[in-house]
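Only the coordinates and a few stated rules stand behind these numbers; no lab work does. Just so you know, these numbers come straight off a predicted model, no measurement behind them. We place every Cβ from the backbone using ideal geometry, glycine too, and count neighbours over all the protein chains shown.
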Amino acid sequence: MGIWKRMKDDMDAVFEQDPAARSYFEVFLTYSGLHAVWSHRIAHALYKRKMFFIARVISQMNRFFTGIEIHPGAIIGRRLFIDHGMGVVIGETCEIGNNVTIFQGVTLGGTGKEKGKRHPTIKDNALIATGAKVLGSITIGESAKVGGGSVVLKDVPDNATVVGIPGKIVKHRGEKVTKDLNHHKLPDPVANRCEYLQQEIDALKEEIAKLKEGKKHDVH
């Protein structure tokens, strides 16, 4: 795929995901996520040619101008959409598939000073919501969703939804997870558990009240 066709492909992904996008001219000039991805491709090409210093310089300039830090060693597929993007960090050994969506504040990082593959692999069509932290050499499956603010330390299967700290799978092999932007409507397992406990407490209170009423009748 030629460079101009690849750039248009990236912009088309923006129109599919962002209802605020109005024209190619606007998207080309003002979308920092696109600029970060395009700059990374240059840095990555230099990195593969072992021109590590200049690749890192481009990466840091990219961070300065866009607020998005992508290590030049990271492998990124087609049509990555980084929405808003400020605070996004993508580590050196990350591998990101095609049609992936990442929101602001996301970290795809490591968990220590280990060598080798130490950053996540994100498969095609995955969505990583605002502020999520995906850490270590783990895999986020195809069409999976990671909820906002989640911390994920283990593999996530295809078509699964993960939320919470640490991340817990709340949907898997049920209805296929659609790739939409309603990541604020993901299930909350903690809230669900609290609601269940409250129902149990209410039931116990009702039983206690009945027992008290029974004792009163016995006294009379």
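As a proxy for reagent exposure, Ile76, Ile102 were ordered by neighbouring Cβ count within 10 angstrom, fewest first; the result is Ile76, Ile102.
So which of Lys113/Lys154; Lys8/Lys154; Lys113/Lys168; Lys48/Lys117 end up more than 23 Å apart, counting from Cα to Cα?
Lys8/Lys154; Lys113/Lys168
Restricting to Cα pairs below 8 Å that are 6+ residues apart, what does the relative contact order work out to for the chain? Please round to a whole percent. Averaging sequence separation for qualifying contacts and normalising by length gives 10 percent for the chain. Computed over the chain, the per-residue total of -39500 (n - 2.57) for DSSP H runs of n ≥ 4 gives a 222 nm mean residue ellipticity of -13000 deg cm²/dmol, rounded to 500. Taking amide H as placed 1.01 Å from N in the peptide plane, Lys168 has its amide H under 5 Å from the amide H of Val163, each at least 5 places away in sequence or on another chain.
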